[in-house]
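Have a look at the structure below before the remarks.
The values are calculated or read from the model by the stated rules, or taken from the named source; none is laboratory data. Remember, it's a predicted structure, so these values are computed and weren't measured experimentally. Neighbour counts run over all protein chains shown; Cβ positions are idealised from the backbone, glycine included. Ligands, DNA and RNA are excluded from the accessible area calculation, which covers all protein heavy atoms including side chains. Shrake-Rupley method; radii C 1.70, N 1.55, O 1.52, S 1.80 Å.
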Amino acid sequence: MGRVRTVFEKSVDGRRGSSVPSSGFPKRDLDEMIPKKFIRSTPLNLPKLSEPEVVRHYTNLSRMNYSIDVGFYPLGSCTMKYNPKMNEIISRFEGFTFIHPYQPEESVQGALRIMYELQEKLKKITGMDHFTLQPSAGAHGEFTGMLIIKKYHEDRGDFKRKKVLIPDSAHGTNPASSAMCGFEVVELKSGKDGRVDLAELKSKLNDEVAALMLTNPNTLGLYEKEIEKIADLVHDAGALLYYDGANLNAILGRIKPGDMGFDVVHLNLHKTFSTPHGMGGPGAGPVGVKEKLRDFLPVPIVDFKNGRFYLNYDLPKSIGRVRSFHGNFIVMVKALAYVDFMGEEGLKKVAELSVLNANYMRKKISEFLKIPYNDFCMHEFVASGEELKKYGVKTIDLAKRLMDYGFHPPTIYFPLIVHEAIMIEPTETETKETLDNFIEALKKIVEEAKSDPNLLKNAPTKTPVGRLDEVRAVRKPKLRWRGDDK
Amino acid sequence: MGDEQSYRSYIPHTDEEIKTMLDEIGVSSIDELFELATGKKGTAILKLDRGMNEWEILKKFEKLADENMDFHFGAIFMGGGIYNHFIPSALLEIANRGEFLTAYTPYQPEISQGTLQALFEYQTMICELTGMEVSNSSMYDGASALAEAVLMGYRLNQKKKVIISKTVHPEYRDVVKTYSQGLGIRIREINYDEGSGMVNFNELFESMDDETSSVVLQYPNFFGVLEDIERIGKKVKEKGNVILIVVSNPIALSILEPPGSFGADIVVGEGQPLGNTPNFGGPGFGFFATREKFLRKMPGRLIGETVDTSGNTGYVMTFQTREQHIRREKATSNICSNHAHNAVMAAIYLSLLGSDGLRKVAENSVINAHYLLERIENAGYNRKFDSPFFNEFAVECHNLDKLNRELLKNRILGPLDLGKFYPELRGVGLFCATELTRSDDIEALIEVMKGMK
């Protein structure tokens, strides 16, 4: 497949791809209504194409994308599970898509009911007492949760808690979100077993620490077996415990973060609740809190009184809004449909089969690739390409070669504590055959690395473009199309 | 009720396969596997219902959708940040292809060229509309995009006072306050002029001092009024080292001089009007554009053009060293997931409409809004502010609550009560028209309004 010319290069003056509705009122010149100084004199260059040309352009672009609907996508930490088609149909009902956020509450009771039901079900799933559905993504949820923690301490008159402890294995969003709240980030070095080192934790805990941010299982896919002890240590020091829900898939329905002692959790509805990732979003990052933190939630939250659902703005200590309107409602619709479809038994199966798939892969892959923390894992595990270096091959080469075998590569070079990391998360929706095919391909590639490393270094060769020059993209920035350089 | 095991549609394992896999791992059961991995026995009880089958789900949600009053083809006079524009069928059909919906962030560019090129084209279109040099590939919404712009202003000049006009969307201002609290950024809100509905120039100019990091305006503003960005822009530039941030409506920018021409340093806004349904307010997306010299201080993902090993053109995520996965606590933002799918919908929308089509949407919105105002004034109502406007305007209504209830009975979604956000404007309705506002809807509205006089 060759390059698809940009939509701008296909543009021809005089073409159009849509008919614009008109009300038939007498045509008036714009400058009768809007003073000349406001009227655009700068040219506007948007593409001009007929509808079939636009359809072909984007259809051809879509064919250059790898996606879950195309094949196996074991991108660690991202939970690339199958996205039910049912949810797409539901999410397009006009009663959901053509409602305005400021409609009177009595005219959107169905929408508010969905939000309320989802809040209630997420409470049961996580063991938390209250939820906000406002945050738009996981990182947005982290920011919300960490601001709640900041406000909680300040409300107690405790202004010295400026530090947040974050393990060195954590997602990059954790320190970034904390910093946006004005916290100083203190890194916790992981222990020899890849988990939180209690001695290290104790040495860093003091009355300046606002919270410990943790994901459990952690980014190595390992469960923090001493989580209750960790929670006690954190709470005894007057700090709170934050749960990064990126890895909730591993424990869904079987273990609740609230029971582990977490005070704040965020979830990623686009991951665990399968509301698709949409090339990077929209997602949703609801935040659940324990009772003592309710008053700090963003406004509004959805409540129920006298037989009606309503938006409750009455939280005087609220951190405020984190976005406009009520959050990513359509994503919530899909998440609720998913929860209802799976039911309690199905949600538990999600965790069980995702953990089974991961351990099966770990076991088989450990026969030919190093797995630095080779313990019973949860929903994902991290291998290392370190031993391939002696053949002149890096993890990125192995990843690129996987594309030639028809797979999306795993997450690579993360977490940072594993050299040449290869982070594999199969999810529960994949068949044993698919896992076997992937394992087989990976095994072959490891053999190729030894016998013919150029196969890896020159990969990929079966993709629409070959390996791309990222250095050049920075040295000669070209971030928009310009007519004059074609 | 229900299906014993609906979930098996998505979870493919047979009992035999589970057994084979457990044997391979060397454990006897999944419970044992969990015990070994977590150190804990047993499982929680959630008290959730058993799963429903697909037909039951469709039925349940169909009913929930029916409990909402939707306005696809209905009479709607409400805007305030979310607008009812026509969405071409081709857009929905292409955007919902699984190749777009079920891909993630384009970490592996060789198999993500579709996403990358579509977003590269999107960035170009946003630059065209805003008159700016670089655009990122989307934010969550207009409000968070504005908050990020304010934080970027702080990164650029290290000053901690932000001046925001009260004519900026009230919820956007709330979000700016939320985002600012952690970093100690102070917000100074500037009143609007009661006659014109524009920001009070004198108060704005007087509040600018050496501490000022940025000035935030909306164009057209929350009241629909066209702010004189040119005049304010000049003053801001005279001051020097103050970042001018403009919130805008992308459809309006097809016929309005773009903020880039008036010296704006950052232009943000809600992208929903571009091919995204109202969705009860989300998801839409935020757009974010700035000047090339500020590129390295920008939040969000950027797509750039480059070449592959054979010299073929291709696209990659670029300037990633700004981002959280590399820079961690020193990143320009914590944003990771964004609203790429909504941005691609906007790109498809703009490709279908083209410059002429988009201008027509904007022009028809302006014509309809001005006609609507005429009809309302003829019915004996007075406009609140007297400045030029785009597609929204404020009207003094005596008993707006009652009017809106009466309208709703007739399946008409009346104006937004500005009293919701401005206590002093109780009973003032913010009316909106788009290219979809029909004559018979206007007449139905006028009839109810006349009856309320």
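A:A473 meets the conditions (1) outside the structural domain of A:A358 (by TED's automatic domain parsing); (2) surrounded by fewer than 24 Cβ atoms within 10 Å (Cβ to Cβ) in every case but one. The failed one is (2).
Scanning the range A:175-194 for residues that are more than 8 Å from chain B (Cβ to nearest Cβ), in contact (Cβ under 8 Å) with a residue 12 or more places away in the chain and either part of a helix (DSSP H, G or I) or open to solvent by 20 Å² or more (accessible area, probe 1.4 Å) (or both) returns A:E184, A:V186, A:E187, A:K189, A:S190, A:D193.
Of all the residues in the range A:22-53, those that are buried (at least 16 other Cβ atoms within 10 Å of the Cβ) and within 7 Å of another protein chain (Cβ to nearest Cβ) number 14.
Checked against (1) more than 9 Å from chain A (Cβ to nearest Cβ); (2) surrounded by fewer than 24 Cβ atoms within 10 Å (Cβ to Cβ); (3) small (G, A, S), B:S165 passes all but a single condition, namely (2).
Hey, can you tell me all the residues within the range A:412-434 that are under 30 Å from B:D15 (Cα atoms) and buried (at least 21 other Cβ atoms within 10 Å of the Cβ)? Hits for the range A:412-434 are A:I422, A:M423, A:I424, A:E425, A:P426, A:T427, A:E428, A:T429, A:E430. Would you confirm whether or not the range A:254-262 contains a residue that is surrounded by 24 or more Cβ atoms within 10 Å (Cβ to Cβ), of a type outside the set (V, I, T) and under 25 Å from A:Y152 (Cβ atoms)? There is at least one residue in the range A:254-262 that is surrounded by 24 or more Cβ atoms within 10 Å (Cβ to Cβ), of a type outside the set (V, I, T) and under 25 Å from A:Y152 (Cβ atoms). When the residues of the range B:40-62 are filtered to those that are touching a residue at least 24 places away in the same chain (Cβ under 8 Å) and facing chain A (nearest Cβ under 7 Å), the one that is nearest to A:Y116 (Cα to Cα) is B:D49. Of the residues making up the range B:363-390, those that are among the hydroxyl-bearing types (S, T, Y) and surrounded by fewer than 21 Cβ atoms within 10 Å (Cβ to Cβ) are B:Y371, B:S387.
Have a look at B:G314, B:G304, B:G275, B:G281 and point out the one that is facing chain A (nearest Cβ under 8 Å), closer than 22 Å to A:F329 by Cα and open to solvent by less than 10 Å² (accessible area, probe 1.4 Å). Give the derivation first.
Details: B:G314 fails: closer than 22 Å to A:F329 by Cα; B:G304 fails: closer than 22 Å to A:F329 by Cα; B:G275 fails: facing chain A (nearest Cβ under 8 Å).
Only one candidate passes the filter, namely B:G281.
The residues of the range B:176-194 that are open to solvent by less than 40 Å² (accessible area, probe 1.4 Å) and either at pLDDT 95 or above or closer than 21 Å to B:K235 by Cα (or both), listed by number, are B:V176, B:T178, B:Y179, B:S180, B:I185, B:I190, B:Y192.
Only one of the listed residues (B:G451, B:G429, B:G357) is at pLDDT below 95 and touching a helix residue (DSSP H, G or I) at 6+ places or on another chain (Cβ under 9 Å). That residue is B:G451. Residues that are of a type in the set (D, E, K, R) and out of contact with any Lys or Arg (no Cβ under 8 Å at 6 or more places or on another chain) number at least 1 in the following strands (runs of 3 or more DSSP E) confined to the range B:169-272: B:266-270.
For the range B:1-23, a tally of residues being open to solvent by 60 Å² or more (accessible area, probe 1.4 Å) and part of a helix (DSSP H, G or I) returns 7.
Give the residue, chosen from B:T212, B:T115, B:T130, that is in the same structural domain as B:F287 (by TED's automatic domain parsing), of a type in the set (V, I, T) and closer than 22 Å to B:A362 by Cβ.
Working: B:T212 fails: closer than 22 Å to B:A362 by Cβ; B:T115 fails: closer than 22 Å to B:A362 by Cβ.
Being in the same structural domain as B:F287 (by TED's automatic domain parsing), of a type in the set (V, I, T) and closer than 22 Å to B:A362 by Cβ holds for just one of B:T212, B:T115, B:T130, which is B:T130.
Within the range A:104-118, the set of residues being open to solvent by 10 Å² or more (accessible area, probe 1.4 Å) and not charged (D, E, K, R) comprises A:P104, A:Q109, A:Y116.
If you take just the helices (runs of 4 or more DSSP H) that sit entirely in the range A:86-158, which of them hold at least 2 residues that are within 22 Å of B:K63 (Cα to Cα) and more than 8 Å from chain B (Cβ to nearest Cβ)?
Result: A:109-126.
Tell me which residues, restricted to the range A:54-72, are farther than 16 Å from B:L352 by Cβ, open to solvent by less than 20 Å² (accessible area, probe 1.4 Å) and out of contact with any Phe, Trp or Tyr (no Cβ under 8 Å at 6 or more places or on another chain). Of everything in the range A:54-72, just one residue is farther than 16 Å from B:L352 by Cβ, open to solvent by less than 20 Å² (accessible area, probe 1.4 Å) and out of contact with any Phe, Trp or Tyr (no Cβ under 8 Å at 6 or more places or on another chain), namely A:M64.
A quick yes/no check of all residues on (1) surrounded by fewer than 18 Cβ atoms within 10 Å (Cβ to Cβ); (2) among the charged types (D, E, K, R):
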| site | (1), (2) |
| --- | --- |
| B:M198 | no, no |
| B:N202 | yes, no |
| B:E211 | yes, yes |
| B:N221 | no, no |
| B:D228 | no, yes |
| B:K239 | yes, yes |
| B:V242 | no, no |
| B:I251 | no, no |
| B:E257 | no, yes |
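Does the range A:320-332 contain at least one residue that is within 20 Å of A:S91 (Cβ to Cβ) and either charged (D, E, K, R) or in contact with a Cys (Cβ under 9 Å, 6 or more places away or on another chain) (or both)? Yes, some residue in the range A:320-332 is within 20 Å of A:S91 (Cβ to Cβ) and either charged (D, E, K, R) or in contact with a Cys (Cβ under 9 Å, 6 or more places away or on another chain) (or both). On inspection, A:P167 qualifies as crowded, with 24+ Cβ neighbours inside 10 Å and more than 8 Å from every other protein chain (Cβ to nearest Cβ).
Looking at (1) within 13 Å of chain B (Cβ to nearest Cβ); (2) open to solvent by 10 Å² or more (accessible area, probe 1.4 Å); (3) touching a residue at least 40 places away in the same chain (Cβ under 8 Å), find the lone condition where A:L205 falls short. Tallying (1) within 13 Å of chain B (Cβ to nearest Cβ); (2) open to solvent by 10 Å² or more (accessible area, probe 1.4 Å); (3) touching a residue at least 40 places away in the same chain (Cβ under 8 Å), A:L205 fails exactly one: (1).
Please go through the range B:418-453 and pick out each residue that is outside any helix (DSSP H, G or I) and open to solvent by 30 Å² or more (accessible area, probe 1.4 Å).
Residues of the range B:418-453 outside any helix (DSSP H, G or I): B:421-422, B:426-438, B:453.
Hits for the range B:418-453 are B:F421, B:R426, B:L436, B:R438, B:K453.
Residues checked against (1) outside any helix (DSSP H, G or I); (2) buried (at least 22 other Cβ atoms within 10 Å of the Cβ); (3) β-branched (V, I, T); (4) free of Cβ contacts under 8 Å to residues at least 12 places away in the same chain:
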site	(1), (2), (3), (4)
A:S354	no, yes, no, no
A:M361	no, yes, no, no
A:K364	no, no, no, no
A:F368	yes, no, no, no
A:P372	yes, no, no, no
A:M378	yes, yes, no, no
A:A399	no, yes, no, no
A:G406	yes, no, no, no
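Of all residues in the range A:258-276, none are within 12 Å of another protein chain (Cβ to nearest Cβ), more than 23 Å from A:F341 (Cα to Cα) and in a loop (DSSP other than H, G, I, E, B). Any idea which residue in the range B:260-272 is surrounded by the most Cβ atoms within 10 Å (Cβ to Cβ), counting only those that are among the hydrophobic types (A, V, I, L, M, F, W, C) and closer than 24 Å to A:P282 by Cα? Filtering first and then ranking leaves B:V268.
In the range A:71-89, the residues that are closer than 20 Å to A:L442 by Cβ and modelled with pLDDT of 95 or more reach residues that are acidic (D, E) and surrounded by 24 or more Cβ atoms within 10 Å (Cβ to Cβ) with C-beta atoms within less than 6 angstrom, at least six apart or across chains, in these pairs: A:P74/A:E425; A:G76/A:E380; A:G76/A:E425.
Output the residues belonging to the range A:380-397 that are more than 25 Å from B:I25 (Cα to Cα), within 14 Å of chain B (Cβ to nearest Cβ) and in contact (Cβ under 8 Å) with a residue 40 or more places away in the chain. The answer is A:D397, and nothing else.
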